[in-house]
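Undergrad: Starting off with a structure, shown below.
The values are calculated or read from the model by the stated rules, or taken from the named source; none is laboratory data. Bear in mind that the values here come from a model prediction, so they are computed numbers and not experimental data. Quick reminder, even Gly has a Cβ in these numbers, built from the backbone with ideal geometry, and neighbours come from all protein chains shown. Just the protein is used for accessible areas: all its heavy atoms, side chains included, with ligands, DNA and RNA removed. Shrake-Rupley method; radii C 1.70, N 1.55, O 1.52, S 1.80 Å.
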Amino acid sequence: MTNFTDSDSDSGPGSESESDIRFPSRLRPGRPPHDPYLQWLEGALEEGKADLRERVRELSCLFAVDRALRRGDEEWRVSLQEVADALPSGFHTTPPAGARIRLGTEEVTTGGFRSSPWKLTRRIVADDQELGEVEVVRSGTPEGDDVSFSPEEASLLESVADRLAEAMGRILAEENLRQGEAFQKALIRSSPVPLFSIDTEGLVVMWNPAAERVFGWSSEEICGNPLPILSEADVDAYAEMRGRAAAGETLAGVHFTCHRHDGTPVAVLLSIAPVRLPFGDAQPRAILFAVEDFEDEGGTWRTNRFQARLLESVGQAVIATGLDGRITHWNRAAASIYGWNSPEVLGRDILNLIPADSARPEAAAIMDVLRAGERWTGQMDVRHQDGSTFPAFVTNAPIHDEHDRLVGVVGVSTDVSRVRDLEAQLRQSQKMEALGGLAGGIAHDFNNLLTVIQGHTEMIAQDLPPNSPLKEDMQEIIAATHRATRLTRPLLALSRRQVMEERLLDLGESLANIEPLLRRLIPSRIDVKVDLGVEPGTVHADPSQVDQVIMNLVVNAVDAVQGVGEIELGVDRCTVTPESSVNGPWEAAPGSYARFRVTDTGEGMTPEVAGRIFEPFFTTKAPGQGTGLGLSTVFGIVKQGRGHILVNSEPGEGTTFEILWPLVEAPDGAQSPDGERAGERAGEAVPPRSGNGPEPSASPGPTPGPGPDPSPDPGAAHAATVLVVDDDPGFRGVVQRTLERAGYRVLAATNGREAVDILAEHPGDIQLVLSDVVMPLMGGSDLLKHLGEASPGIPVILATGYADREISEDVRRRASAFLRKPFGARDLLRVVEEALDD
């Protein structure tokens, strides 16, 4: 049996002996893993179907092929020709066979090669890629039963094809690697971005032409030396960043102030990354620096990376699309406003993503305008990722490249839902202000009329005989004026001009005091729950107005509950934070507040109805069943008291009213146990608060009683002269007659300017001035200031139906007293007497 052993010698196949045949050392180590010919030969020898001495020709052929493929890769074309020339020696044909090898577009053949139908062809395949083919042809026609090629010749050609595939695959891979390395070097050289790298010792190993242009050093000057561009201020920061990169971290947007070769400074943004060779190395072999952006000599950033970072920093959504509408840029604010992150939207059609369903036709039309190169600015409804919609203010503009070609669209959008809410609140506030001004003017004129009616009625009643049947009629008229006065108070509250008698009070105590009355008012079919709170809800407010607010809201809740239901009343404290003041439902300034709330389980309201409930005379009740002034009165009282009101209602879900009053930390002893300040009696008017000096007295308004009693004190008949100033002739007349009947001498003026002339005509004769506040040409406040300079000793009484907050602090300090319109003869004479006595 012939022995098969490997030999370390390089002897050819002709040197083997009959008893010990050795393969060439090149064949077995270098052959492909599954060499077709050697596999055939080993099998044939084991089965006794082949004699190794008969295979010398074929083995010599393989040896020649291996020897030819040992040449350098740069001589691979010569190797191909040698392989082609060696191939016929392995085939038992007479005359000798011809051979052809094709690799890509390259082809080599043996001398005198001619194509023949008797041929054997194998493909050359490496890494599943067909590189070419190898072919052997018979020059003559086979004789008799002879076949074209034997199985061992077929396996021999297969082995040659495999060897060519292995060698050429390696050559091509190495060629691709060389080309890739050359391409990478070309990219680095051609890159407009300055690139440089350092080794583990900190020496520069790469410095591209762009870096040469920016910093001024050539590659020859800087490579092999430490990095020279750093300023002293950045040395420590550079050492830290270099250490982080050496540990494997990639850094972006690192700001350094470097200097050029000529010493001039240049601000740069750097990206720093570790470089590993091979790519699986645990420790980086070098550190790569890329200049994202830099300033030119004029201090302008040259590339767009800095601008891109600016776009990421703005608070508005910046979105760019191509002309096809597909999103190409989506900044951080866009993700915050719309809910989608950048990877989720890039490449998607903006028309299918952002516009609300109702706004898509409009958005498509806008896109057509933008594709025509025009701009568009306006509001449109857009969609959030969660499906909700909100209004956005959008500015769109076309994008042109450096050749002025239209390439895309950029849009800047802002969520204006908060702005729209504020605009609606402003419109509502302006509407209520206008309605309030109208209501206040009506109430002012109406109070003047009531003063005239009440004054004349009292004078008539005084002149009637004691047993006159008209006496009772006069009393009814006077009582009617009192009731009419109560009707004007809601209008004054709406206009925020009602005279307020403020004091420190606890909302919880106010609710507790009125709770029994409320329970009698609320039908038994409605369950009432009251939460008075744990901590005091102390506020500065008018007790009667607070009671009116509570009563009106409860009446409104009762009307809203049809059938069985529930009403909850509660008082607590709350805090409005700066964030909730801006983004929350309250318009209130940040701070602590006492909150009163009323919740019912009634039928609720639509947004349209809820938007109008504070309008005067607006009501959803049937004709004759409501005045429409209840909630408008609440609104006026709350606003006049520096409070805030919020309504939350949904159809079928009931309604909640919440009212905030500024919380006051009441000092100890500020309230008596019954809630009144010391020296105050229930029902007595509180004088307007003043700054320095004594507080002026005030009239409590019309005092209902069993009948008129305008009789003056006999001591008043000392013939004091009173100047009455009012532009309303009816009001001026009734005051003049009332005073004259009481024994006073009265002069009259229609406005402040006329009053000044009369005072000049009667120097020293006028002891008191009683003036209206609001008049043409010169009002009561200006008259008061004039008198303080020209006649400082004359007391002045101001008659008004407005709140003391409508009058300046200086006027409140100068005035001797205030008369609240409408008033009767008793109140008028009392205040006049008190002013003259001071």
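Undergrad: Consider only pairs whose beta carbons are under 6 Å apart and that are at least six residues apart or on different chains; among these, list those whose first residue lies in the stretch 534-554 and is under 20 Å from Thr599 (Cβ atoms) and whose second residue is open to solvent by less than 50 Å² (accessible area, probe 1.4 Å) and among the small types (Gly, Ala, Ser).
TA: So the pair list comes out as Gly537/Gly508; Gly537/Ala594; Val546/Ser510; Asn552/Gly630.
Undergrad: Right, another one. Considering only residues of the stretch 768-781 that are touching a Phe, Trp or Tyr at 6+ places or on another chain (Cβ under 8 Å) and either among the polar types (S, T, N, Q) or assigned to a loop (DSSP other than H, G, I, E, B) (or both), which is nearest to Asp827 (Cα to Cα)?
TA: Let us first name the residues in the stretch 768-781 that are touching a Phe, Trp or Tyr at 6+ places or on another chain (Cβ under 8 Å), namely 772-774.
Remaining after also requiring either among the polar types (S, T, N, Q) or assigned to a loop (DSSP other than H, G, I, E, B) (or both): 773-774.
Working: Val773: 18, Val774: 21 Å.
By that ranking, first place goes to Val773.
Undergrad: Please specify each residue of the stretch 598-621 satisfying the condition of being without any contact (Cβ under 8 Å) to a residue 24 or more places away in the chain, among the hydroxyl-bearing types (Ser, Thr, Tyr) and either in contact with a Cys (Cβ under 6 Å, 6 or more places away or on another chain) or farther than 20 Å from Ile637 by Cβ (or both).
TA: Correct list: Thr620 only.
Undergrad: For residues that are assigned to a loop (DSSP other than H, G, I, E, B) and either of a type in the set (A, V, I, L, M, F, W, C) or touching a residue at least 60 places away in the same chain (Cβ under 8 Å) (or both), tally how many sit in the stretch 204-250.
TA: 5
Undergrad: Report every pair of residues separated by at least 6 positions or lying on different chains whose Cβ atoms are under 7 Å apart, first residue within the stretch 341-353 and within 7 Å of Ile327 (Cβ to Cβ), second in a loop (DSSP other than H, G, I, E, B) and of a type outside the set (A, V, I, L, M).
TA: Close Cβ pairs (under 7 Å, with a partner that is in a loop (DSSP other than H, G, I, E, B) and of a type outside the set (A, V, I, L, M)) amount to Ile350/Gly325.
Undergrad: Restricting to the stretch 93-141, and then to whatever is open to solvent by less than 50 Å² (accessible area, probe 1.4 Å), touching a Ser or Thr at 6+ places or on another chain (Cβ under 8 Å) and assigned to a loop (DSSP other than H, G, I, E, B), can you tell me which residue is modelled with the lowest pLDDT?
TA: Within the stretch 93-141, the match that is modelled with the lowest pLDDT is Gly140.
Undergrad: Can you pull out every residue in the stretch 729-744 that is surrounded by fewer than 16 Cβ atoms within 10 Å (Cβ to Cβ) and over 16 Å from Ala719 (Cβ atoms)?
TA: Result: Pro729, Gly730, Arg737.
Undergrad: Looking at the stretch 437-444, can you tell me whether even one residue there is aliphatic (A, V, I, L, M) and either modelled with pLDDT of 80 or more or touching a His at 6+ places or on another chain (Cβ under 9 Å) (or both)? Steps first, please.
TA: First, the residues of the stretch 437-444 that are aliphatic (A, V, I, L, M): 438-439, 442-443.
Filter again for either modelled with pLDDT of 80 or more or touching a His at 6+ places or on another chain (Cβ under 9 Å) (or both), leaving none.
Scanning the stretch 437-444 turns up no residue that is aliphatic (A, V, I, L, M) and either modelled with pLDDT of 80 or more or touching a His at 6+ places or on another chain (Cβ under 9 Å) (or both).
Undergrad: When you go through (1) within 15 Å of Gly508 (Cα to Cα); (2) more than 38 Å from the chain's Cα centre (by Cα); (3) open to solvent by less than 60 Å² (accessible area, probe 1.4 Å) one by one for Thr538, which number turns out not to apply?
TA: Unmet condition: (2).
Undergrad: Checking the conditions here, which among Leu836, Leu784 is over 24 Å from Leu449 (Cβ atoms), in contact with a Lys or Arg (Cβ under 9 Å, 6 or more places away or on another chain), in a helix (DSSP H, G or I) and at pLDDT 85 or above? Give the steps one after another, and end with the answer.
TA: Working: Leu836 fails: in contact with a Lys or Arg (Cβ under 9 Å, 6 or more places away or on another chain).
Leu784 is the lone residue from the list that is over 24 Å from Leu449 (Cβ atoms), in contact with a Lys or Arg (Cβ under 9 Å, 6 or more places away or on another chain), in a helix (DSSP H, G or I) and at pLDDT 85 or above.
Undergrad: If you take the residues of the stretch 800-820 that are modelled with pLDDT under 80 and part of a loop (DSSP other than H, G, I, E, B), which of them is nearest to Phe446 (Cα to Cα)?
TA: Top of the filtered list is Gly801.
Undergrad: Then there is this: Which residues, taken from the stretch 176-214, are of a type in the set (Phe, Trp, Tyr) and modelled with pLDDT under 90? Break it down into steps so the answer makes sense when it comes.
TA: Applying the first criterion (of a type in the set (Phe, Trp, Tyr)) to the stretch 176-214 yields 183, 196, 207.
Scanning the stretch 176-214 gives a single hit, Phe183.
Undergrad: I need the full set of residues from the stretch 652-661 which are surrounded by fewer than 21 Cβ atoms within 10 Å (Cβ to Cβ) and modelled with pLDDT of 90 or more, in order please. Reasoning before the result, please.
TA: We begin by selecting, within the stretch 652-661, every residue surrounded by fewer than 21 Cβ atoms within 10 Å (Cβ to Cβ); these are 652-653, 656, 658.
Answer for the stretch 652-661, where residues must be surrounded by fewer than 21 Cβ atoms within 10 Å (Cβ to Cβ) and modelled with pLDDT of 90 or more: Thr656, Glu658.
Undergrad: For the stretch 504-520, name all the residues that are part of a helix (DSSP H, G or I) and open to solvent by 10 Å² or more (accessible area, probe 1.4 Å). Steps first, please.
TA: First, the residues of the stretch 504-520 that are part of a helix (DSSP H, G or I): 507-520.
Glu509, Ser510, Ala512, Asn513, Ile514, Glu515, Pro516, Leu517, Arg519, Arg520, listed by residue number.
Yes or no, residue by residue, for (1) open to solvent by 20 Å² or more (accessible area, probe 1.4 Å); (2) at pLDDT 85 or above; (3) in contact with a Phe, Trp or Tyr (Cβ under 7 Å, 6 or more places away or on another chain); (4) not β-branched (Val, Ile, Thr):
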{"residue": "Ala594", "(1), (2), (3), (4)": "no, yes, yes, yes"}
{"residue": "Thr599", "(1), (2), (3), (4)": "yes, yes, no, no"}
{"residue": "Gly611", "(1), (2), (3), (4)": "yes, no, no, yes"}
{"residue": "Thr620", "(1), (2), (3), (4)": "yes, no, no, no"}
{"residue": "Ile637", "(1), (2), (3), (4)": "no, no, no, no"}
{"residue": "Gln640", "(1), (2), (3), (4)": "no, no, no, yes"}
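Undergrad: Can you give me the ranges of the helices (runs of 4 or more DSSP H) entirely in the stretch 258-358 with at least 1 residues that are at pLDDT below 85 and open to solvent by 30 Å² or more (accessible area, probe 1.4 Å)?
TA: Numbers: elements: 305-313, 332-338, 342-345.
Per the criteria, 305-313, 342-345.
Undergrad: Still on this structure, I have one more. Please go through (1) in contact with a Leu (Cβ under 7 Å, 6 or more places away or on another chain); (2) modelled with pLDDT of 85 or more for Gly253 and return the number of the only condition it doesn't satisfy.
TA: Only one criterion is unmet by Gly253, namely (2).
Undergrad: Could you list, ordered by first residue, the pairs with Cβ atoms under 6 Å in which the first is in the stretch 728-755 and hydroxyl-bearing (Ser, Thr, Tyr) and the second is assigned to a helix (DSSP H, G or I) and open to solvent by less than 20 Å² (accessible area, probe 1.4 Å), at least 6 apart or interchain?
TA: Thr738/Gly455; Thr738/Ala825; Thr738/Leu828
Undergrad: Go through the stretch 359-407 and give me each residue that's more than 25 Å from Trp340 (Cα to Cα) and part of a strand (DSSP E or B).
TA: Those that are more than 25 Å from Trp340 (Cα to Cα) and part of a strand (DSSP E or B): His400, Leu406.
Condition check ((1) outside any helix (DSSP H, G or I); (2) over 27 Å from Ile453 (Cα atoms); (3) open to solvent by 20 Å² or more (accessible area, probe 1.4 Å)) across all residues:
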position	(1), (2), (3)
Val746	yes, no, no
Ala760	no, yes, yes
Ile766	yes, yes, no
Leu798	yes, no, no
Asp827	no, no, no
Val832	no, no, no
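Undergrad: Also, I was wondering about something else. Working carefully through the options Glu175, Glu201, find the one that is of a type outside the set (A, V, I, L, M), out of contact with any strand residue (DSSP E or B) (no Cβ under 8 Å at 6 or more places or on another chain) and free of Cβ contacts under 8 Å to residues at least 24 places away in the same chain. It would help to see each step written out before you state the result.
TA: Working: Glu175 fails: free of Cβ contacts under 8 Å to residues at least 24 places away in the same chain.
Of Glu175, Glu201, the one residue that is of a type outside the set (A, V, I, L, M), out of contact with any strand residue (DSSP E or B) (no Cβ under 8 Å at 6 or more places or on another chain) and free of Cβ contacts under 8 Å to residues at least 24 places away in the same chain is Glu201.
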